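Notes follow once the structure below has been shown.
Just so you know, all these numbers are worked out from the coordinates, no wet-lab data involved. Keep in mind the model is a prediction, meaning the values are calculated, not measured. Ideal geometry is used to build each Cβ from the backbone, glycine not excepted, and the neighbour counts take in all protein chains shown.
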Amino acid sequence: MMPVVLRCACLLVAAAALSSAWADERPHRRPGLWEITRPSVDAGNPARTTQVCIDARTEAMLRDVGASFARSTCSSTDIHVAQGEIIADAVCELGGSRASSHTVISFTGDTEYRQRSTTTVDPPLFGRSEVAAEMDGKWLGPCAEGMRPGDMITAMGKINLADRVAQQK
């Protein structure tokens, strides 16, 4: 089983690599309720589904958080945006290790995307030298009643991403 910290770190590397692409001529997510699914990795790490309420302001905030992370930890990023895809390569320092990631996000209009990333870590972090991650995002419609932009519902409950970012400042 891969530690949660390592999975999060690898996904952050991918998000950081994409941050500047989101600012320019980028595919984007339609405002509303999104379901993000990660398939099962192994018996100890089952599939997970998250719902997130997104608007333009929340998407910009997440982009800015990724850009800040990239500036503080990544020595290089190479990003290409073309034909509904974002392709990014990044090299970042995580916990004394060098993490090199390759991420491809393929969009189907503004209502679906698939993100695939591979990260190599040297020296290994938590005993892992390679991590592959995959996610699918699907627009479900308007945000559910009682949800506000930034709300994220996981198996562990509901948090608001914008509130969490504001608390860190």
Burial ranking of peptide ranges 59-66, 137-144 (average Cβ count within 10 Å, highest at the top): 59-66, 137-144
Local net charge near C92, Cβ-Cβ under 13 Å (Lys/Arg +1, Asp/Glu -1): -2
Tensor-based shape of segment 34-169 (alpha-carbon gyration tensor, a/c under 1.5 rounded, otherwise prolate or oblate): rounded
Segment 73-145 - Rg (one decimal) and Dmax (whole number), Cα, Å: 15.1, 46
Cβ-defined net charge surrounding T108, 10 Å radius [Lys, Arg +1; Asp, Glu -1]: 0
Formal net charge of residues neighbouring R29 (Cβ-Cβ distance under 14 Å; K, R +1; D, E -1): 0
Size of charge dipole - segment 33-124 - debye, nearest 20, with Cβ of Lys, Arg +1 and Asp, Glu -1, no other charges: 160 debye
Ranking of S117, S75, S100 by count of other Cβ atoms within 10 Å, fewest first: S75, S100, S117
